[in-house]
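This report refers to the structure that appears directly beneath it.
Quick note: the coordinates plus some simple rules give every number you see, no bench work behind them. Just so it is clear, the model here is predicted, and its values are computed rather than measured. When we count neighbours, we look across all protein chains shown, and the Cβ atoms used for this are built from the backbone with ideal geometry, even at glycine.
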Amino acid sequence: DLSASHQNIEANGGHWILKLNKMLACFAVLSCCMVLTESLRHTGQHINHDGHASTFVKALEFKHRLRVCNAYPGTQAIDIYKGKGDRLNGDAPMPYKTCKDFVTPLRSGDKLEFKIGDTNAGTFSIADLPNNDAVLFLVIHRHDTLSTAVAFESHVFANLLNAQVAIIDTYKGAAKSEPRIMDAPGKGKNSRSEELRFESVVAVNEPRIMDAPGKGKNSRSEELRFESVVAVNPGVYDVTLVGSDGKTKAKNSLVTTNRESFIILRTGVEAKQGPSYPQELVVYPKLDPSALHSMAAPRAMMLAVFAILAVLFGHEMGGTLQPA
């Protein structure tokens, strides 16, 4: 009897051991499932130095730099608002013939409001933005010689290695003149010039781009057009506005470096009502020539047109003008 009882106890003990082993196996499987679920839940995340999980998969964010120029002739400066209350220029209104860069988040559908004091001068609506880093250029200027209405032109600068220069004519009036770009004085001889073209004017108005007296031998120049963008090698240049009488009406300097975008504006108005403003040249940004000192010896000026913009700049950034 004792032998049978002992065998019965061993059998029962084996049964419980087997049962316990099954329970441990189920617990292990359950634990693995929980770990796998937690792992899947945190897929796409990593642990930062604070011990918190943070995602490493992020949507692409492009850097859009907004460049605005005030080419609207007048004594009063303008303020720029994004939406209703976000004044981009802070406490420093932009006077006539000034430009400024703004780093601010932009989205399709944003509206830029231009105000003179409390008066709304005009609104520019952004319809589309590029899917890459870019400089978004916008200029406000006089619509015509009779009214005080405003007009806008815009351009999106491509992300290129070369310096880019946009040449824009915002002048309103009958005065005829031609812009010229040349190497700064004191850099050589044998300069030559070639014609630049306005959008659709007769030969007397054809602008020229030329080497200044002084830049080494065999300096080259190429044709440009207003409402165009050109790539230009780094260098120091002079920009002049020459009237049909051969006299210089305005002059400015241009220092170009790689990976930067530049604006040349012809400004002014022959107003039929109110004050008139003479033709002038605005160049932006204005760089110090010392920025070129770290570069290789200056090369001969070589301007290459990479894009003649057949449409008005106002369509390039997808903007629309709304009446004030």
Taking the Cα-to-Cβ direction at Arg65 and at Ala127 and moving 7 Å from each Cα, how far apart do the two end points lie in nm?
-> 2.7
Per residue, the convex hull enclosing the alpha carbons of segment 75-138 has a volume in Å³ of 93
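For segment 115-174, take the convex hull of the Cα atoms, compute a quarter of its surface area, and give me that in nm², please. Mind dumping the intermediate values first?
Values: hull surface 24.1 nm².
Mean projected area of the Cα convex hull: 6.0 nm².
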